[in-house]
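Down below is the structure, laid out as structure tokens.
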Amino acid sequence: MYNDRELIIQLQEGSLNALGDLYDRHQHMVYRTALAVTGDPASAADLLQDVFLRMHRFADRIDPERPLEPWLYRATTNLTYTYVKRHKRLLRPLEDMAEWLSGNKKHSPAHIAEKGEEWDDIQKAISRLPLMQRMVVVLYYINDLSIQEISEILDVPVGTVKSRLYYSRQVLKQSLESNGMDLREVQYEFT
């Protein structure tokens, strides 16, 4: 089995099989990211295809000596950002997506039902975040990327990523506190 570097070189030489292998290897990560931001499975599937079409079209611009994941995250977030701005869709709350994607039993439908209104409030608060803050939250909390990695993917300074995370947390805290939620247990669940 070829590594990403070898597959990128093959792709740059015109191999569609290499593109297929890269797709098979990285499709879940790309789809998960697009789904977490858009909240729409059909849109996420379209964006998944668009990312790999872009990979094929711009294969000559991909540096095979560098890891492929940051390129994929950047392409995914750029295309998703453009898509959301263009379509102005209502975005589905991130917490639902995180539980669904991770298959976490702790957050099964029965457990979520027990949480009732608390989870609804959290989901609504997250869905109201500005798009760029929501993207940082997706990359940080759902994709478990470091602040440095997010900085490189979004091509913004580390301080900007930290700022967006800070303000996202403040907005979430304010929103949840205004609904009378005890944030001590939410913080543990959310972070």
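The values are calculated or read from the model by the stated rules, or taken from the named source; none is laboratory data. Because the structure is predicted, anything quoted here is derived from the model rather than measured. Positions of Cβ are generated from backbone atoms using ideal geometry, with glycine treated the same way; all protein chains shown enter the neighbour counts. Heavy atoms of the whole protein, side chains included, go into the accessibility calculation; ligands, DNA and RNA do not. Shrake-Rupley method; radii C 1.70, N 1.55, O 1.52, S 1.80 Å.
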Got a sec? Which of ARG66, ARG89, ARG128, ARG74 is open to solvent by 30 Å² or more (accessible area, probe 1.4 Å), modelled with pLDDT under 50 and either within 23 Å of LEU165 (Cβ to Cβ) or of a type outside the set (A, V, I, L, M) (or both)?
ARG89
Could you check, for the range 7-21, whether at least one of its residues is open to solvent by 30 Å² or more (accessible area, probe 1.4 Å), in a helix (DSSP H, G or I) and under 23 Å from MET135 (Cα atoms)?
no
Please list, ordered by first then second residue, the pairs with beta carbon atoms under 7 Å, 6 or more apart or interchain, first in the range 153-170 and open to solvent by less than 50 Å² (accessible area, probe 1.4 Å), second aromatic (Phe, Trp, Tyr).
ILE153/TYR73; LEU165/TYR140
Number of positions in the range 128-142 that are out of contact with any Phe, Trp or Tyr (no Cβ under 8 Å at 6 or more places or on another chain) and either over 13 Å from ILE153 (Cα atoms) or not in a helix (DSSP H, G or I) (or both):
6
If a residue must be touching a residue at least 40 places away in the same chain (Cβ under 8 Å), open to solvent by 10 Å² or more (accessible area, probe 1.4 Å) and assigned to a helix (DSSP H, G or I), how many such residues does the range 27-53 contain?
2
Does any residue in the range 1-25 that is at negative phi come within less than 7 Å, Cβ to Cβ, of a residue that is open to solvent by less than 40 Å² (accessible area, probe 1.4 Å) and aromatic (Phe, Trp, Tyr) six or more places away or on a different chain, and which pairs are these?
LEU19/PHE52; TYR23/PHE52
Give all pairs with beta carbons closer than 7 Å in which a residue from the range 66-78 that is without any contact (Cβ under 8 Å) to a residue 60 or more places away in the chain meets a residue that is assigned to a helix (DSSP H, G or I) and open to solvent by 70 Å² or more (accessible area, probe 1.4 Å); count only pairs at least 6 apart in sequence or on separate chains.
ALA75/ARG54
